[in-house]
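Report on one structure; see the data block that follows.
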Amino acid sequence: MWGFFMDTWIKLYRKLLDNDLIRDERALQVFIWLLLKVDRKSGIKKVARSWASLELSIKPTTFYGALQRLVKKYKMVTAQPTANYTIISLINWNKYQMPDSTTDSSPTAARHSTRSK
């Protein structure tokens, strides 16, 4: 199962450079971690704070604070807490991550090799 996730990719837009999130080290770390962990079709992940903090090597309170900033300040995710975990949903996941016909998906190496001939 792990290999399946290693064969996929995410889009990370340069527009992020214009967002205050780029200067919030922990929130950015959590956001990118979520991009890599969410279900690739729905953009949703069930997350236990203790498990997430272990994976990221940060304190559970640090994870929680970063998540709250992603929800309230940056408005990039929604979080629905339950008794045992939080259901996190990335806002605009379908808009930004789903493949579309305008995306250039040709391998970079192939493009370079044809140009250099």
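A few notes on this one:
- Contour minus Cα-Cα distance for W9 and K75 (0.36 nm per residue): 21.5 nm
- Debye log10 I(q)/I(0) at q = 0.12, 0.18 Å⁻¹ for the range 1-92, Cα point scatterers: -0.36, -0.83
Each value in this text was obtained by applying a stated rule to the coordinates, not by laboratory testing. Everything numeric here is computed off the predicted structure, so don't read it as measured data.
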